[in-house]
Amino acid sequence: MADESVKHPGLIVPVGHVEPVPRRVRGFIGGRVVFDTRRALYVWEWPPYPQFSIPVEDIAGELTDDGHVDRLGPGPARRHSLRLGDEVREGAAWLWGDGAPEALRGTARFRWNALHAWFEEDEQVFVHPRSPYSRVDALRSSSSVRVELDGVVLADAPHCVKLFETGLPTRYYLDRTHVDFTRLRHSDTVTRCPYKGTTSDYWSFDGEVLTHEDIAWAYDFPTPAVANIAGMVAFYSERVDVRVDGTLLPRPAQQSGTSGSRSSG
């Protein structure tokens, strides 16, 4: 069988790429509108996903220069604080300067967690914008999946749901009846993903020698686009041994971040 652990599309968007956003984008602090625009731009500061850059004219609050220049992926930008009524957010945004793409001039890139909520149209978005160049598909599969760690079998499933996400290894979601929860310890970790939603559970494994934290997760109520994974369990193939149809897959390189920043899948 071909090694499907490394057969996934790569990321093709270069740093500094800018595109118009065809959606209404809004940001809020404490229920107050920071911006409401139909002229936002996507800007890629790193290949996996973009950020929004907002025209200054569409920002309701006051931006004040912090006197500090940061070098972001596309070029230099001056850091600004935001005042909205009596609310002040230090270092909330960057205004692009000389050396950044021309299309970004006169726009501000906000730190995501400087705002309480972001919306595309009328749907809230978490963690970061969804990339228009990424796909996430959850397909039912008759492939068997066996998961082991430190010689212990953690799951053995006759079928699965394969989740294919641009730039990430294939993930294998398994029915809970095929997971040995007597070997796993429930974790309080919660992460968010703009493509899949908010995790409902994480699990760790305490081996005889080593403890392996947060090696598996589940989305009980995923986004409609990946409804097939609801209630199922997936394991980090970077951290466990996965056999698909009897073939041991090499462990992929560790992905940066958490499932909220695309690594769980």
E213 vs. criteria surrounded by fewer than 15 Cβ atoms within 10 Å (Cβ to Cβ) and assigned to a loop (DSSP other than H, G, I, E, B)
no
Somewhere in the stretch 134-144, is a residue in a loop (DSSP other than H, G, I, E, B), within 17 Å of R39 (Cα to Cα) and at pLDDT 95 or above?
no
If we ask which residues in the stretch 44-64 are more than 21 Å from P22 (Cβ to Cβ) and without any contact (Cβ under 8 Å) to a residue 24 or more places away in the chain, their number turns out to be 2
Those residues that are surrounded by 13 or more Cβ atoms within 10 Å (Cβ to Cβ), touching a Ser or Thr at 6+ places or on another chain (Cβ under 9 Å) and of a type in the set (K, R), I need them from the stretch 132-182; list them, please.
K162, R171
It is to be established whether one or more residues within the stretch 51-62 are among the polar types (S, T, N, Q), closer than 21 Å to W118 by Cβ and either in contact with a His (Cβ under 7 Å, 6 or more places away or on another chain) or not assigned by TED's automatic domain parsing to the domain that holds V145 (or both).
yes
Here are A92, A117: which of them is modelled with pLDDT of 95 or more, on the phi < 0 side of the Ramachandran plot and crowded, with 17+ Cβ neighbours inside 10 Å?
A92
I'd like the full set of residues that are modelled with pLDDT of 95 or more, closer than 17 Å to R251 by Cβ and among the aliphatic types (A, V, I, L, M), limited to the stretch 154-189.
L154, A155
Contacts under 6 angstrom Cβ, first residue in the stretch 238-252 being in the same structural domain as L163 (by TED's automatic domain parsing), partner β-branched (V, I, T), 6 or more apart
R239/I215; V240/V147; V240/I215; V242/V147; V244/V145; L249/V242
Looking for whichever is closer than 14 Å to A108 by Cα and in contact (Cβ under 8 Å) with a residue 24 or more places away in the chain here; the options are L11, L95, L84. Which one fits?
L95
Odd one out for D220, checked against (1) under 18 Å from D175 (Cα atoms); (2) touching a residue at least 60 places away in the same chain (Cβ under 8 Å); (3) surrounded by 13 or more Cβ atoms within 10 Å (Cβ to Cβ):
(2)
Against the condition surrounded by fewer than 15 Cβ atoms within 10 Å (Cβ to Cβ) and either outside any strand (DSSP E or B) or without any contact (Cβ under 8 Å) to a residue 40 or more places away in the chain (or both), how does G16 come out, does it pass?
no
Please work out which residue is surrounded by the fewest Cβ atoms within 10 Å (Cβ to Cβ), limiting yourself to the stretch 44-89 and to residues that are part of a loop (DSSP other than H, G, I, E, B), touching a strand residue (DSSP E or B) at 6+ places or on another chain (Cβ under 8 Å) and not aliphatic (A, V, I, L, M).
G85
Taking the conditions exactly as written (assigned to a strand (DSSP E or B) and of a type outside the set (S, T, N, Q)), does H8 satisfy them or not?
no
Residues (assigned to a loop (DSSP other than H, G, I, E, B), more than 19 Å from the chain's Cα centre (by Cα) and surrounded by 14 or more Cβ atoms within 10 Å (Cβ to Cβ)) located in the stretch 183-208
L184
If I filter the stretch 101-117 for residues that are acidic (D, E) and part of a strand (DSSP E or B), do I get at least one hit?
no
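The values are calculated or read from the model by the stated rules, or taken from the named source; none is laboratory data. Please read all numbers here as calculations on a predicted model, not as lab measurements. Here Cβ is always computed from backbone atoms with ideal geometry, including for glycine, and neighbour counts include all displayed protein chains.
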